[in-house]
1. Report the gain in length on full extension from Trp193 to Val87: 0.36 nm times residue separation, minus Cα-Cα distance, nm rounded to one decimal.
2. Using mean Cβ contacts within 10 Å as the protection proxy, how do 109-120, 53-64 order, highest first?
3. Relative to the longest principal Cα axis of the chain, at what angle does helix 118-132 sit, 0 to 90 degrees, rounded to 10?
4. For Asp44 and Glu210 in the same chain, what is the full-extension length gain: residue separation times 0.36 nm, less their Cα-Cα distance, in nm?
5. What percentages, rounded to whole numbers, describe P(r) for the chain computed over all alpha carbon pairs with 5 Å bin width beginning at zero?
6. What FRET efficiency do you get for Arg12 and Glu79 if R0 is 22 Å and r is their Cβ-Cβ distance, rounded to the nearest 0.05?
7. Between Asp174 and Arg141, how many nm apart are label points set 7 Å from Cα along the C-beta direction?
8. Taking 0.36 nm per residue of separation and subtracting the Cα-Cα distance, what length does fully extending Val133 through Met1 add?
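What follows draws every value from the coordinates through simple rules; no lab data is involved. Values in this document were obtained by computation on a predicted structure and should not be read as measured data. Note that each Cβ is placed from the backbone with ideal geometry, even for glycine, and that neighbours are counted across all protein chains shown.
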Amino acid sequence: MDSVLPENERTRHRRLRAQGSRERAELDAILAAGFVCHVGVVVDGTPMVVPTVYGCDGETLYFHGSVASRSLVAGPLGEVCVTVTHVDGLVLARSLFEHGVNYRSAMIYGTPRVLTDPDEKLEGLRVLSEHSVPGQWDYARRPSKKELVATSLLALSLEEASVKIRVGPPDDGDSPDAELPVWAGVLPMSVRWGRLEADPSLKEGIEPPEHLRRLEGR
Ligand SMILES: Cc1cc2nc3c(=O)[nH]c(=O)nc-3n(C[C@H](O)[C@H](O)[C@H](O)COP(=O)(O)OP(=O)(O)OC[C@H]3O[C@@H](n4cnc5c(N)ncnc54)[C@H](O)[C@@H]3O)c2cc1C
């Protein structure tokens, strides 16, 4: 894929344009840094924003749901807008008006394809699984035929996407408000994995595998 995200009327940044990025690498980094997206979809005339897990192989974003899921898989799914958001901090300005958030976010538009070919579906599920828990696909039991039938997998091309990123201090450092005796700056925020907690019903002697241990504290 191109190193620059193509722009159209839908993805062209208008407000807060300085925060917009057309770097393909920024999109890839935002998608790689998360595994939960929000799928905006209109179901029977009602807009719904559905949080769900995703995986990504650089060209396609995969997300899945139960075949019984009304929002994600019932009927032909029309156009969707998928967002992925990471919050990096609170931006605390002198004025409440200038308060904000440091963030990285992506929006992807398109009509997802429902994967029906079993091999393609299995590969998409592998991408999805490996994206969130690398190493787990080869470790845990793979989906059975019955489980595959009960799962709908959707594939959305990354061709139409936009990125916005805000970094840095508040914007009122060189405004008249800078004279106010009000503390201003950033309260950074980060998300970390904790320590592994064994299932109370885990059979004795089963230790966590290395690929899970590696995630602890990261
Ligand atoms: C955690 C978080 C908190 C935010 N809080 C606020 C807030 O309180 N008030 C506020 O005004 N804005 C906030 N934003 C920014 C907000 O997401 C929009 O970018 C902004 O409101 C401009 O919206 P718009 O529709 O006018 O943008 P436009 O510039 O008109 O949008 C044009 C196109 O740019 C792209 N685009 C717009 N926003 C984003 C985005 N965030 N990520 C990726 N692509 C995007 C889309 O493709 C869109 O169609 C926040 C963003 C994040 C991630």
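1. 36.6 nm
2. 53-64, 109-120
3. The angle comes out near 40 degrees.
4. Contour length minus Cα-Cα distance gives 55.2 nm.
5. Binned Cα distances yield the sequence 1, 6, 12, 14, 15, 14, 13, 10, 7, 4, 2, 1, 0, 0.
6. Plugging the Cβ-Cβ distance into 1/(1 + (r/R0)^6) gives 0.80.
7. 6.3
8. Residue separation times 0.36 nm, minus the Cα-Cα distance, leaves 45.0 nm.
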